[in-house]
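We did not get these values from a lab; they are worked out from the coordinates using the rules stated. Because the structure is predicted, anything quoted here is derived from the model rather than measured. Positions of Cβ are generated from backbone atoms using ideal geometry, with glycine treated the same way; all protein chains shown enter the neighbour counts.
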Amino acid sequence: MAVSDRERRVVQQIIREHGPTLDLIAHPEVMVEIIRKWAFDLVEVPDGGLPGGVGPVNPPTSHVEGPELEDVLKAILAVGRKVDKISRKLGD
């Protein structure tokens, strides 16, 4: 089986990081790390796109707003007051 230039580069990176010999019985986590780190670099997709069949993501058509800074600060103050109230009850 012929090895592509891309595959050869990945193999060289793995050798630099883990050495030329892998003892998977003693350290099976190395195989998992290699798969997680370099799997996408080794997957060949016929159309040249990304694996998984995920299409392009369109930008959202509406802007969803979350809480404003003022709302967060009000909530923090409310929690602070509750903590003070509980602390006073426990201190008595």
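In table form, for the structure just shown:
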read-out: Potential extension, His27-Val3 segment - 0.36 nm per residue separation minus Cα distance; value: 6.0 nm
read-out: Ranked by how many other beta carbons lie within 10 Å on average, peptides 66-76, 26-36 from highest; value: 26-36, 66-76
read-out: Length gained when the stretch Leu42-Ile76 is fully extended (0.36 nm per residue, less Cα-Cα span); value: 7.4 nm
